[in-house]
Structures are given as structure tokens and as C-alpha cells.
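The structure under discussion appears below in the form of C-alpha cells.
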Amino acid sequence: MLSLRHVTKWFGSHRVLDDVSLDVGEGERVVLLGENGCGKSTLLQIVAGVLEVFEGTLQIPHAIGYAPERPDIPDHLLAREWLDLVSSLKRAAWVDDLDVRELLGRKVGALSLGQRQRISLLAAFTGEPPLLVLDEPTNALDARSRDRVIERVRASTALVATHDRDFADRVATRIVPIGQRA
């Protein structure tokens, strides 16, 4: 499903990722755990196509569902407009499995972090992508939304970065430490 070989990423003179290799097979849920600043988010951004790799090779499915750590949805859009835009690009309808109905007529800029997170996750889930790439997906979620995200991830193939050890234990088929210092 996903294969990374010898991936290296530099930001200026700072090497963020050094010779990272990783495979995610169909049905696997690989969770990356590591300290802040160790490269988890950078690795996910490379997989999602947000950042270019410096060195290495990637084999990625033709479609993924990506939700960044900080939802980067334009503040001036209504939540419904964002979800409709994503739906039109993915040529698939979004399904409200995170109870966002009451948020649809509100501007994204007026939403709380948890509400923005739910909108971002729904956009990632739209179209049933073969691979979910999620960065801190439980960030700022209430217990009910968190449980629904756990259900969704458990039914998917996923690469996830999180600090939430309970979430990792509940969804992971494999936990991969990244950037651990000796």
C-alpha cells in the first residue's frame, strides 16, 4: 500500500529525517510515536505530497485521505463549503459520521479547534481513500468524536502520528518509534 525507502529531508542545514524506510500493508494501521520535533509530521507531509522529499523513494496509493495536525482550512469558508469543495475534488459525497451538521453554516474561522478538527477529518475520510494519513487526529476532540475516529481508523489502512498513547494502543496494528534518541 505504502512504501518509503531511505527518505531524508533537510530544512536548510537541519536534517529532520535521516534514511527512514517504512512499509504499510493493506489493512495495517501504523502509528508513529516520538518526541516533539522528531520528524513525524514532516514524514506525513511528505507522504501527503505537501513537502518534497530530499532523498529516497516513495510508493503511495493514487488517493489518500490526509488530515494535518493543525487543520489548514481557509477561515472565510463555511464548513459546508469546505466539505463540498473536497467532495467535488474527490468526486465523492462526504458522510457526517462526526456530528458536524450544526457546524455547516458557520465560518471555519469561528470554529473551535476541536470543531475544525472534525471538519478536517471528515474531509480526509471523504471518498473512502485506500490510505488515511492522520497527524494527531484526536487533538482537541471530545470523547464521542474521539471514539468515532477510533472506529473509523480501525476499519481503515492508516499511517498516523500521535502523542495519544491510549489512541495508539486502541488502533495500531504496529507502533513505530521515530526519532528516538539513544
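Starting from the Cα of His6, step 7 Å toward the Cβ, then list every residue of the range 18-48 with an amide N under 11 Å from that point.
Zone members listed by number: 19-20.
How large are Rg and Dmax for the range 1-154 when calculated on the C-alpha trace, in angstrom?
16.0, 46
If you consider only alpha-carbon coordinates, what radius of gyration and Dmax does the range 70-171 have, in Å?
Calculated on Cα positions, Rg and Dmax stand at 12.9, 37 Å.
What are the trypsin sites (Lys or Arg not before Pro) within the range 55-163 that DSSP puts in a loop, where the Cβ has at most 13 other Cβ atoms within 10 Å?
Within the range 55-163, the qualifying trypsin sites (Lys or Arg not before Pro) (loop, at most 13 other Cβ atoms within 10 Å) are Arg91.
Determine the per residue accessible area of the chain with all protein chains present and a 1.4 angstrom probe, expressed in square angstrom. Intermediate results must be reported in sequence, preceding the final value.
Details: 9160 Å² over 182 residues.
Here the residues of the chain average 50 Å² of exposed surface.
Which of Ala161, Ala124, Ala140 ends up with the largest GNM mean-square fluctuation for the chain, with Cα atoms connected below 10 Å?
Ala140
Which percentage, to the nearest 5, of the DSSP beta bridges contained in the chain is antiparallel?
Values: 12 of 28 bridges.
Antiparallel bridges make up about 45 percent of those DSSP assigns within the chain.
On full extension of the chain, what length is gained from Ala143 through Ser112, given 0.36 nm per residue of separation minus the C-alpha to C-alpha distance?
Stretched out fully, the Ala143 to Ser112 stretch lengthens by 9.6 nm.
What are the GluC sites (Glu not before Pro) within the range 1-48 that DSSP puts in a loop, where the Cβ has at most 14 other Cβ atoms within 10 Å?
Glu26, Glu35
In whole Å, what three semi-axes, largest first, describe the equivalent ellipsoid of the range 92-136 built from its Cα gyration tensor (square root of 5 times each eigenvalue)?
The answer is 19, 13, 7 Å, longest axis first.
What percent does the relative contact order of the chain come to when contacts are Cα pairs within less than 8 Å and at least six residues apart?
Across the chain, relative contact order equals 31 percent.
With label points built 7 Å along Cα→Cβ from the Cα atoms of Asp169 and Asp84, find their separation and express it in nm.
So the two model labels end up 4.4 nm from each other.
When averaged across all projection directions, what area in nm² does the alpha-carbon convex hull of the range 47-123 cover?
So the Cα hull casts an average projection of 5.9 nm².
Using a cut-off of 27 Å between alpha-carbon atoms, which lysines can reach Lys9, once sequence neighbours fewer than 8 places away in the same chain are excluded?
Partners within reach: Lys40.
If you plug each phi of the range 39-47 into the Karplus form 6.51 cos²θ - 1.76 cosθ + 1.60 with θ = phi - 60°, what whole-Hz ³J(HN,Hα) values come out, in order, with x for Gly and Pro?
Here the 3J(HN,Hα) series is x, 4, 5, 4, 4, 5, 5, 5, 4 Hz.
With an 8 Å cut-off on Cα pairs and a minimum separation of 6 or more residues, tell me the relative contact order of the range 1-102 in percent. Let's see the in-between values first.
Values: 103 pairs, mean separation 26.7, N = 102.
Averaging sequence separation for qualifying contacts and normalising by length gives 26 percent for the range 1-102.
Round to the nearest 0.05 the FRET efficiency obtained for Glu55 and Arg154 when R0 = 35 Å and r is the Cβ-Cβ distance.
0.55
For the range 8-88, what D do you get in µm² per second when you plug the Kirkwood radius from alpha-carbon pairs into Stokes-Einstein at 4 °C and 1.567 mPa s? Intermediate results must be reported in sequence, preceding the final value.
Details: Rh = 14.9 Å.
For the chosen part, D equals 87 µm²/s.
Among Asn139, Thr57, Leu103, whose Cα lies farthest out toward the positive end of the dipole of the chain, if unit charges sit on the beta carbon of Lys, Arg (+1) and Asp, Glu (-1)?
Of the options given, the answer is Leu103.
Over the chain, with a Gaussian network built from C-alpha contacts below 10 Å, which listed residue (Gly109, Gly65, Gly127) shows the highest mean-square fluctuation?
Checking each option, the largest mean-square fluctuation is seen for Gly109.
Could you check how much of the accessible area of the chain is carbon and sulfur, as a whole percent, using a 1.4 Å probe?
Answer for the chain is 48 percent, counting heavy atoms of protein chains only.
Only sites in a loop by DSSP and with at most 15 other Cβ atoms within 10 Å count here; which chymotrypsin sites (Phe, Trp or Tyr not before Pro) in the range 51-97 make the cut? Don't skip to the end; give the middle numbers.
Values: sites: Phe54, Tyr66, Trp82, Trp94; in loops: Phe54, Trp94.
Filter output for the range 51-97: Phe54.
Rounded to a whole number, what is D in µm²/s for the range 1-48 from Stokes-Einstein with the Kirkwood radius over alpha-carbon pairs (25 °C, 0.890 mPa s)?
Working: Rh = 11.6 Å.
This corresponds to a translational diffusion coefficient of 212 µm²/s.
The values are calculated or read from the model by the stated rules, or taken from the named source; none is laboratory data. These numbers were taken from a predicted model, which means no experiment stands behind them. No Cβ is skipped: glycine too gets one built from the backbone with ideal geometry, and neighbour counts run over all protein chains shown. The accessibility values were calculated without ligands, DNA or RNA, using every heavy atom of the protein model including side chains. Shrake-Rupley method; radii C 1.70, N 1.55, O 1.52, S 1.80 Å.
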